[in-house]
Structures are given as structure tokens and as C-alpha cells.
Amino acid sequence: MAIEVIERTAKNLVLTVQDYSLFSFRSFMNLWRPPIYWPDFLVQSDIIGAGSASIVLLSGFFTGAVLALQSAATLSQFGATAVTGQFVSITMIRELGPVLSGIMVAGRNASSMASELGSMVVTEQIDAMRALGVDPLRKLVTPRIFACISMLFFLTIVADAFGILGGGFVTVFLNHQNGTEYFSKAWESLRYPDIIQGLVKPLFSGYIIASIGCFYGLRTTGGTQGVGRSTIQAVVNSSVLIIVVDFLLTQVLLRLFPLL
Amino acid sequence: MSLTPSSDPSPRQPSGQPLDRTPVLAFNRVSIAFDGPPVLEDITFSVAPGETRIVLGPAGVGKSVLLKLANGLLRPDEGSILLFGEEISHMPEDQLFPLRTRAGMVFQEGALFDSLTVRNNVAYQLIQERVPDDEIDARVHEALRFVELDETFGMLPSSLSGGMRRRVAIARALIRKPELLLYDSPTGGLDPVTSTTIIELIIKERDVYHTPSLLVTHRLQDAFTLCTHRFDAEAGRMVPLPKGQTDPNTTFLMLEEGRLIFDGSLHELLHSQNGFVQEFLQ
């Protein structure tokens, strides 16, 4: 009995991975073949980009602020509070900016995609779309994937910038240190590999968020309860996958651009 | 009760020319299962031009599945399905899309896109085909007038009643003048008065455009109304056929536990010796 359960679970897992691979490959390739739904891409870019800007901005600002608070406390023991700017900017740009933006956008948009598409599945709107001769992958999934990739790229820049600003706010107004020194250290310590590392990650995270959100949405079964289940799976799996892929990407990028 | 076809049983185009009898839809020994016993097993039937076929059967017998197989929304495990003469059971999805645009489908609950207005729902296909806005508006008004809902042009589906949503769904299915219509329980969950309005529209469509159609329902009254009424264009409403006559191009199929147990006219249905048919009729 237990073996049967393990077998069934393993088969389901393999089947899900296989379905997801085919689904994401087809969605990605659709961008290079007409018809391409540019108006849908713009609408989704607005929903994902403009809609997520405030949460990314706030989370970036306060993460930078917390980093400055924590690091200043530790660095002061070594008389090195002058490098707070360097610490905050490198940490934000290389790691926290991309990952936090990814997780915030996943929480907001993977859930929204899964629930929207899931509701369309259970009300037969997806079948109606197919019956009307329109490919839901082209019409619904591909614009979301590319909107999410492009918008997360810019949202990460916003998160990085506001993170450094947040650190600067704490440095100047709470730690009463020199703001010019903070910002000049933050700027001078940055190298191109840091920026490349920070801007490559959101491309992968954006793809993960939209493809997983849409994948679970379109696989919804079981009515409104199923929509809730799909939403949870989309948020949980995309958040975890963002962190896992971040780890793998960091490994690869550190080999490509080793630290001095 | 004795019912006979009202006149010449061969369907005719509006011009009066006899229609080509090559089926627009043909199922040949089709079976499908979903992780269990077959939902449909060994189903064979066809829909000829100008013909209306009514699929009867209790809830959960596989009627909606049959309809989704008809335009490739589902794939059969066995057997073949010919839609407009093309085998679709193994056709890639990309090739199915243009074929589906030639068939209109009315879903059980309407399946209108709830974020789009009635205009954009009805014009959905035309918008994707980048038809000019003026032409879209004219054709949407024409389709909405056919279902007598022209005033809903700019409304959202959420502000429509259940019956109005079905009528908008019919308008959406009709806008491209389909070569086949698929109705999935179009009166399911509606009150008797609204059901009659929907059936009248289906009769109007059948007698005005002569589009072949496949309609699934579990409501005998609707099925019988379809068979015993015609649309009077002058009066603008449906009228009963003379007593004892039925529409010769409206015939019945009946499903029992996934198997096709009856295929014939209303007269044959009423005189069937099959125990399940008799029980269903009673």
C-alpha cells in the first residue's frame, strides 16, 4: 500500500515536471511565431510593473534600512562604519534586490495569474477561447511571461535603488554618519560583475513567476476550491524555485565573474 | 401518439437546392475514459448538412464530453472523428484552431469572458482577426438583434441574467455564420419561460440559417419542442407544426452509461422498445 502511494506520488511528480517543461517551452517559443498579442503584453506589463511598484519600492527601502542598521552595529565594533554604504549596495544589488523583488512579485502576481486563469478554467472560459479558435497559451500565457520578465528586471532596479536610499536614510538620520561617505562608498565599490549578477537573476525569476502561475492556473480542477489550491501551489512553488534558482545562478555567475 | 415528418425529409438550402449530404461531423467508434471506466464507449453517429441532432440522456452520462470531442476540445482514446471532412482525433492543436472557427459552440453556462463587454464577447473572434471596428459593431448589432438583446451592447456579463447570458453566448456562436453549431445544455438551470425563449432562438436559427447542429440536453420538453415547432418568419415567433407532424431534419440520439442506445426520429423514439428509453421518456 505504502509503495503504491510512493509510486503514484513519484509518477505525478515526474508527470508534472514533464507537463511544466512542455508548457513553458511552448509558451516561450510562441513569442517568435505570430500571432503575437502585443496589446495583452502591454496590459500585463502595466498590471505587473506599475501594480507591483509600490510593494517592491517599500520592501526594497526597508530592507536597505535594516541592512544599514544591522551592519552599522557590527561594523562599529571594528571601527569600519564607513563601509556601510559598500555593504548595503553590494548586498542589495547582488542578492537581496533580485530575490526580494522576485518573492514580492511572486506573492502578488503568481497568485493573481493562477486564480485568474483557474477561474477561467472552471467557468469554461478557456474552453470557450479554444472553441473560438484562439490559443490560450499565445493569448494568455506568453504575454504574461514576457511582461513579467521585462517588468521584474526594472522592478529589481527600483528595489536596488530604494534599498540603497533606505540604507542612506538610516545612516544619516539614525546613525548620524556622513551621507556623502555612505553614497560615495556605495557607488565606488560597485563593479560591472555585481550589476550583471543582479540583473541576470530577475530575468529567470520573472520567467519562473509567470510560467508557474499560469501553469497551475490552467491545470485547475475541482471548482472554486481548486482555484484556491492552484493559487497556493503557484505562490509556494514559484517562491521556493526563485530561491533555488538564485542559489544555482549565484554558483554559475561567481564562476563566470569571480570575486577579486 | 403518432408523429410523422412534416414534408420532404431531405434538408434544403434557403435557395431551395438540396444540400450535399456529406456529414459535417461524423463519430466512428469513439471511446474516451478519464482515469476509470469509459465515459463514452463505441459511439458512432453523424450530423448531415441542415440536420439538427439532439443528444438525450440523464446528467453525468457523457453528453458534454461528446460535444467537446466534436470540435477537438477533448481527444478520444479510440475511434475517429471527422469534422468538416477532416480527421481531428490526432490533429495537432495548432491545426485545430482554424477548423474550430468554422464551428460555433454554446457552453452550458454561457462561458462569457467576464472582464469583457457584451460587444467584445460577441466580437471576440472578429477582434482577433483584426476586422475593422465599424464592421465589428455592425455585425455585433446584427447578432444581438437576432437574439433580441441589442440593448446589452455595452454591458458586462455580470449585469445580465442567466438567460440573457445564454442568448449572448448564442450570438457569439453565430457571428461568424458557423457551418456547425454545438449547444451544450443551453437551457440547463433556467426557468421554463426563459428556456422557451432559448429554444425559440435555436428553432429560429435552425429554420432561418439551416445550420447543422448538435444539441445536448436532459430536458425532454425542450427536445420535443424543437422537433414539433417551426419558426414563422412573418409572425417573428415559433409556431407548432400541424398536429402529428415533426421537423424531418431534427432527430435524436440517446446515451446510457456512455453508450449510444438510440439513433432515430421522434416517432422512432416514442415507439422504441428499449427499456431505458421508455423509462427516460416516462
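For the reader, a short list of remarks on this structure follows.
- Any hit, the stretch B:124-141, residues being within 23 Å of residue B:232 (Cα to Cα), hydroxyl-bearing (Ser, Thr, Tyr) and either touching a Leu at 6+ places or on another chain (Cβ under 7 Å) or assigned to a loop (DSSP other than H, G, I, E, B) (or both): no
- Residues that are more than 15 Å from residue B:205 (Cα to Cα) and within 13 Å of another protein chain (Cβ to nearest Cβ) within the stretch B:163-191 comprise B:165, B:184, B:185, B:188, listed in sequence order.
- Of the residues making up the stretch A:65-95, those that are more than 22 Å from residue A:175 (Cα to Cα) and out of contact with any Gly (no Cβ under 6 Å at 6 or more places or on another chain) number 1.
- For beta carbons closer than 7 Å, sequence separation of 6+ or different chains, a first residue in the stretch B:247-276 that is more than 25 Å from residue B:208 (Cβ to Cβ) and a second that is basic (Lys, Arg), the qualifying pairs are B:255/B:63.
- Some residue of the stretch B:162-173 being modelled with pLDDT under 90, touching a strand residue (DSSP E or B) at 6+ places or on another chain (Cβ under 7 Å) and surrounded by 14 or more Cβ atoms within 10 Å (Cβ to Cβ): no
- Test: residue in the stretch B:75-93 that is hydroxyl-bearing (Ser, Thr, Tyr), farther than 27 Å from residue B:39 by Cα and more than 8 Å from every other protein chain (Cβ to nearest Cβ): no
- The stretch A:202-226 - residue that is over 18 Å from residue A:19 (Cα atoms) and modelled with pLDDT of 95 or more and, of those, surrounded by the fewest Cβ atoms within 10 Å (Cβ to Cβ): A:203
- Strands (runs of 3 or more DSSP E) enclosed by the stretch B:195-279 - at least 3 residues per element that are over 27 Å from residue B:103 (Cβ atoms): B:237-240
- Helices (runs of 4 or more DSSP H) wholly inside the stretch A:107-195 containing at least 2 residues that are surrounded by fewer than 20 Cβ atoms within 10 Å (Cβ to Cβ), away from every other protein chain (no Cβ under 14 Å) and of a type in the set (A, V, I, L, M, F, W, C): A:142-169, A:179-188
- Selected residue (criterion: nearest to the chain's Cα centre (by Cα)) from residues of the stretch B:98-122 that are in a helix (DSSP H, G or I) and within 14 Å of chain A (Cβ to nearest Cβ): B:100
- Test: residue in the stretch B:123-132 that is in contact with a helix residue (DSSP H, G or I) (Cβ under 7 Å, 6 or more places away or on another chain), under 23 Å from residue A:38 (Cβ atoms) and away from every other protein chain (no Cβ under 11 Å): no
The values are calculated or read from the model by the stated rules, or taken from the named source; none is laboratory data. Note that the structure is predicted; figures quoted are calculated from it, not measured. Every residue, glycine as well, gets a Cβ built from its backbone with ideal geometry; the counts of neighbours run over all protein chains shown.
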